[in-house]
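Since the structure comes first, as structure tokens, the remarks are kept for the end.
The values are calculated or read from the model by the stated rules, or taken from the named source; none is laboratory data. It should be emphasised that the depicted structure is a prediction, and the values quoted were computed from it without experimental measurement. Positions of Cβ are backbone-derived with ideal geometry, glycine not excepted, and every protein chain shown enters the neighbour counts.
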């Protein structure tokens, strides 16, 4: 990942406020009307200004960073992600091709989210030495 020079060398309080604000306001919207990553406004962060005595210029910088981060995720990362069905298909193809001998972890969530997990690498032994094989 390439760093954005605009956000390099920020003080620790900048990063603490960015994390706190993201957790307080939420990273994404689960609304059916506005799905995806949230876009923050000055109004959203005004809550922090009065409650925690944070300068408006610092909050404005935090808002710019949060919106920048969210646009990167929405525009560049999200299109590269697979759905569960796509990931399962790729996993099954790779599993049958490489026939790994490792034990696959199991997702302990219930219902539709219950399935075997794979990190697409597996430890195997070559002449007694453990090695990792990237299956991609």
Can you confirm whether the range 66-89 contains a residue that is within 30 Å of residue 43 (Cα to Cα), assigned by TED's automatic domain parsing to the domain that holds residue 37, at pLDDT 80 or above and assigned to a loop (DSSP other than H, G, I, E, B)?
no
If I ask for residues that are assigned to a loop (DSSP other than H, G, I, E, B) and closer than 25 Å to residue 52 by Cβ, which ones from the range 1-17 would you list?
8, 9, 10, 11
